[in-house]
Amino acid sequence: MSIDIERVDSPNLAIAPSARTRLSTHRVRQVLSWVLFGLGLLILARYLADAPGITASSTWGSALRLTVPIAVVAMGGLFSERSGVINVGLEGMMIGGTWMAGLFGALAGPWAALLGGIIGGLIFGVLMAVLCIEMGINQLIVGVSINVIAAAVARFASDIVFTQMDGGSVARSPRIGADVPHVSVPFLSGGLGTPDLAQSMESSGVPVLSQIGGVLGGLTRDVSVAALIGLALIPITAWILWKTPFGLRWRSAGEEPLALQALGGSVHGTRWASVLAGSALAGFAGGYLTLISQGYIENQTAGTGFIGLATLIFGNWMPSGVFYGSALFGFSDAVGLGRPETLRALVFLLAIVFTLLGVRRLTRVGDARRVRAGLPSLILGVILLIVFVLVPLPTELSSAAPYLVTLAVLVVAGSRMRPPAALGKLVARRTRRG
C-alpha cells in the first residue's frame, strides 16, 4: 500500500462544518474580548501615567510602520526554521535587502526598491542554502557569518557604487525621491476625500472617545501599500503552512524529515524552497525600511533582524504568535520615540499583563511545568509594578525600550517554547538506485 503525501491534510480539516463554525465564532469572540481588554488597559495607563502619547495617533501610526519590518523578517525566519534550518542570518539578509533596495530605488523608483530588496535577501539566502543544506556546515556559524559579511559587503559596495552617484556616499544611497501609494479608510480616517471621524474623536478631548479615535486613526490613516502587503503575508503564510501540500512538506521537513523522505518527498528541495522564500521576505523587510528612509543608510536595520528572530522564538514558530510579538515590539519601539511618561505607561501595561499571565499559570494546579512557567512572569510583573510606582525613568531609557521588552518577553516565554523537532538536524540526501 502506498501513501500519497499530496493527499495528507491538516488535522483540523476533519472537524465537522458546524463544529468548525462554532470554533470560528468562539475565536472571533475571544479576539474581540482581548481587543477590548487591551484598549481598556491602554486608557487606564494613559491616565495613571499622565501619558497622552500612549494613545495618540502619531504613536500608533509609528507602531504600525515599525511593526511591519519586524513581522516580515520574522516570517522569513519562520519559513526557514519550520523546514528545519536555523536562520540567525536574518539581520544580514535584511542588510542585503536595504542595499539593493537603495540601488534599485535610486535607479527606478519605489516599487523597484522593494524588488531590489527581495533580490538582495535572495543572494544571501542562496549562500545559506548552499553552505547549510548542500555542504552541511554548522547553521549557526553560517548565520553569524552572513550577518558579519553582509555589513562589510554593503560598506564595500557603497564605496564603489554610491560614491559615484549624485547624492550618494559611502554611508548612503541617493534619495529615492518617491514612495508607494498610501491609503486611508473612508469615513473613518479621511480616505477618498471623506470626513475623518477618527481625527474628530481624537481632538474632541472626551475621555475614552478621544483615546479610541487616536488608536483607530493611527492604524487606518495614511497607511503605506507596502505595509499592507507585508501584513498580508502573515495570513498567507498561515494558509500555506496549514492548508496546502507544500505546507505539509514544509512542516514535515522540520518535524519528521525521515518520514517525509519515506513518503517520497524531498527534504532538500523543501528546505531549499523554504530558505529562499524566507530570505526573500527578509529582503522585502529591508526594502520596506529603505522606503521609510527614502534610501539606503548604513546600519539602518539597527538590529531589526535580531528582534525578528526573538519574535519568532517568542511566537513559538507560529504565524499568529509572530504577529502578536512583532506588534508588541513595534509598539514598544514607537513608545521609545516618545516622552518618558509614555514609557512609564508601557511599563504599567507590561506589569499588568505579566502579573495576570503569571497568576493564570500558577492557578492551574497539578502541572509543575506551568508553575515553573508562571513564577518568572509573576515576579517580573511585580518588579515592573514597583518600578512604575517608585522609580523615575530617565529619558535616555526610552530608546532602549524595544530591547528591554524583547528581553522581558523571552524571559516570560522561555519555558513554553517548542521549536520544530528537527531544527538544525541534517538529513542525508536520498540516492536512487538504478
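The values are calculated or read from the model by the stated rules, or taken from the named source; none is laboratory data. Note that the structure is a prediction, hence the values are computed from the model and not measured. Here Cβ is always computed from backbone atoms with ideal geometry, including for glycine, and neighbour counts include all displayed protein chains. The protein model used for the area step is the full one, side chains on, heavy atoms only, and it has no ligands, DNA or RNA in it. Shrake-Rupley method; radii C 1.70, N 1.55, O 1.52, S 1.80 Å.
Values for this structure:
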item	result
In Å², nearest 10: area of S158 left accessible to a 1.4 Å probe	0
Most to least accessible of M100, M75 (protein chains only, probe 1.4 Å)	M100, M75
List D166, D196, ordered by accessible area with a 1.4 Å probe, largest first	D166, D196
Dipole of the chain, positive end: most advanced residue of L127, L258, S189 [Cβ charges, Cα centre]	L258
Of [x] 1.04; [y] 1.42; [z] 0.98, the label for Cα Rg over 2.2 N^0.38 Å derived from the coordinates	[x]
Protein-only accessible surface order, largest first, of V347, V31 at 1.4 Å	V31, V347
K425 accessible area, 1.4 Å probe, all protein chains in place, Å² to nearest 10	120
Solvent exposure of the chain as accessible area per residue, Å², 1.4 Å probe	47
J(HN,Hα) series, the stretch 294-311, from Karplus relation 6.51 cos²θ - 1.76 cosθ + 1.60, nearest Hz, glycine and proline x	6, x, 6, 10, 4, 6, 6, 5, 6, x, 4, x, 5, 5, x, 5, 5, 5
Rounded Å value of the spacing that divides the Cα centres of the stretch 259-313 and the stretch 158-225	25
The stretch 376-418: C-alpha gyration tensor shape, a/c 1.5 cut-off, then a/b vs b/c	oblate
Sulfur and carbon atoms: percent of accessible area, the chain [1.4 Å]	68
